[in-house]
Amino acid sequence: MDFVIRQAAADEYDTLGEITARAYLQDGLLDFGESDAYLGELRDVAKRAAAAEVLVAVADGRVLGGVTFVPSGGPLADIARPGEAEIRMLAVGHDARGRGVGEALVRSCVDRARAVEGCARVVLSTQRTMRTAHRLYERLGFTRTPERDWNPLPELDDITLLTYRLTL
């Protein structure tokens with residue numbers, strides 16, 4: 001690897017927020033584009049870092065991507081149950097894709113989950129169209145949990161997030 005994975009520094013929050021927002025926008029993952037309310041959440045890395053662990057991949061002082069790791073019982077968990085950690089907001093800048101950055105970030109979350117006492121599983125949610133991410137998760141041993149699929153916007157019928165689980 002020509003990059004390192006580490007905890008995000010406060011002076012990297014804005015950069016990671018923009019990388020995450022751009023990745024979601026450019027990949028067509030926000031149903032309402034620039035006006036999507038979730039865009040603000042994606043950009044607000046400081047808020048995430050106050051409640052979870054935000055990791056970044058960095059090469060030559062440049063942030064390539066990042067992920068939010070929510071330890072078991074963390075307030076940012078969407079679907080995690082007791083004994084589960086959650087991975088959220090994985091994003092890699094378009095110019096850094098294909099280098100193993102996403103995989104390294106996910107592996108780092110799995111390693112962190114193994115270090116959390118009582119944590120037996122890692123869970124995550126993903127959109128149907130994120131097929132490259134699905135292949136990555138499956139290659140790392142995650143399995144689909146369709147019984148846990150959910151809709152973050154119940155007022156809209158056509159949004160369903162797929163869920164995955166890795167047993168540690």
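Just so you know, all these numbers are worked out from the coordinates, no wet-lab data involved. Please read these numbers as outputs of a predicted model, since none were measured by experiment. All Cβ positions, even for glycine, are placed from backbone atoms using ideal geometry, and neighbour counts span all protein chains on display.
Values computed for the structure shown
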| quantity | calculated |
| --- | --- |
| Dimensionless Rg over Rh [the chain; C-alpha; Kirkwood] | 0.93 |
| Sequence-separation-based contact order of segment 59-168, relative, with Cα cut under 8 Å and 6+ spacing, percent | 23 |
| Given charges at beta-carbon only (K, R positive; D, E negative), |dipole| of segment 60-168 in Debye | 440 |
| Cβ-Cβ FRET estimate between residue 115 and residue 144, R0 fixed at 22 Å, reported to 0.05 | 0.30 |
| Of 143, 160, 104, farthest towards positive along the dipole that unit charges on Lys, Arg, Asp, Glu beta carbons give segment 86-168 | 104 |
| Between segment 30-48 and segment 81-115, the alpha-carbon center distance in angstrom | 19 |
| Antiparallel bridges, percent of DSSP beta bridges restricted to segment 57-115 (to nearest 5) | 100 |
| Cα convex hull volume per residue for segment 25-100 (Å³) | 115 |
| Hz values of 3J(HN,Hα) by residue in segment 57-68 - Karplus curve (6.51, -1.76, 1.60), Gly and Pro given as x | 9, 10, 9, 6, x, 10, 6, 9, x, x, 7, 10 |
| Residues with amide H under 5 Å from that of residue 161, placed H, sequence gap 5 or more | 150, 151 |
